[in-house]
Amino acid sequence: MNFIAGEVLCIDKPLGWTSFDAVKRLRGSLTRRLGVKKIKVGHAGTLDPLATGVMILCTGKATKMIEHLQAGVKEYIATIRLGATTPSFDLETEIDATYPTDHITRELVERTLERFKGRIEQVPPAFSAIKVDGKRAYHLARKGVDVELKPKVLVIDEIELLDYSPEEIKVRVVCSKGTYIRALARDIGQALGSGGHLTALRRTRVGDYSIDSCLTVEQAAELIKTTEIEMPDDDKAEGES
């Protein structure tokens, strides 16, 4: 493998890790193995710390492919608690309101999910990396500043109910780039008249890369450590620049 000329690795990001944590870990493995001070490593699509699953990492000149790769259709398995909301729409923040769920039936959920298929508008979460007046929205939100974000147009290709109870549902979502599943959980909860927030999220596909083809972080680090490395002199010079 030639990591400076460019390689693409698909990993299963662990729970609690930021996307940067994954990049940093594998960049460290690469610099040690290659004996260089620097090497380009980037990821094609951020995953929140509370999410797991498919993360595509590109090295060296393959980082030029990132924009193309992250434009691929994504698939998620999401668990949504109904009857309660949080400011971040997930478990990052504490529950701020509760609502009854006695009226929620499987039929109501299935009818409601149908409304989210196709081209929709979605207001991103205030707890997101979107910039507002040059500052990340989540920095402002964590300080208690009201953040108003404009709705974005996106596409939900598929949304399927996998598991149901009046208090919790699990759904499979196939969607376009830029979809916030946390915001989708909020919107589904609102549409059901119960509120809702995301309690678990697993990304199972990005474009042609599926969870079945992913390595763990440890497996990727071991691959870097043991695989045969191609490293021409001119590539090494570029890596050390």
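The values are calculated or read from the model by the stated rules, or taken from the named source; none is laboratory data. These figures come from a predicted structure and were not determined experimentally. Heads up, the Cβs are rebuilt from the backbone with ideal geometry, glycines too, and the neighbour counts pull from every protein chain shown.
Restricting attention to the range 33-47 and to residues that are over 15 Å from CYS175 (Cβ atoms) and either assigned to a loop (DSSP other than H, G, I, E, B) or charged (D, E, K, R) (or both), the residue that is nearest to the chain's Cα centre (by Cα) turns out to be ALA44. Hey, could you check the range 138-179 for residues that are part of a strand (DSSP E or B) and of a type in the set (Lys, Arg) and say which is surrounded by the fewest Cβ atoms within 10 Å (Cβ to Cβ)? Selected residue: ARG172. For the range 1-22, the set of residues classified as farther than 16 Å from THR52 by Cβ and either without any contact (Cβ under 8 Å) to a residue 60 or more places away in the chain or touching a Cys at 6+ places or on another chain (Cβ under 7 Å) (or both) consists of GLY6, GLU7, VAL8, listed by residue number.
Results for (1) at pLDDT 95 or above; (2) more than 29 Å from HIS139 (Cα to Cα); (3) assigned by TED's automatic domain parsing to the domain that holds ALA220, shown as yes or no for each residue.
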site	(1), (2), (3)
PHE3	no, yes, no
LEU15	yes, no, yes
ARG27	no, no, yes
ARG33	no, yes, yes
GLY45	no, no, yes
ALA62	no, yes, yes
THR85	yes, no, no
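When residues in the range 105-121 are screened for being under 10 Å from ALA191 (Cβ atoms), in a helix (DSSP H, G or I) and of a type outside the set (Lys, Arg), 4 of them pass.
Picking from residues in the range 3-22 that are of a type in the set (A, V, I, L, M) and surrounded by fewer than 19 Cβ atoms within 10 Å (Cβ to Cβ), the one that is farthest from the chain's Cα centre (by Cα) is ALA5.
Considering each residue of the range 113-125 in turn, none proves to be of a type in the set (Phe, Trp, Tyr), touching a strand residue (DSSP E or B) at 6+ places or on another chain (Cβ under 9 Å), within 21 Å of MET55 (Cα to Cα) and buried (at least 16 other Cβ atoms within 10 Å of the Cβ).
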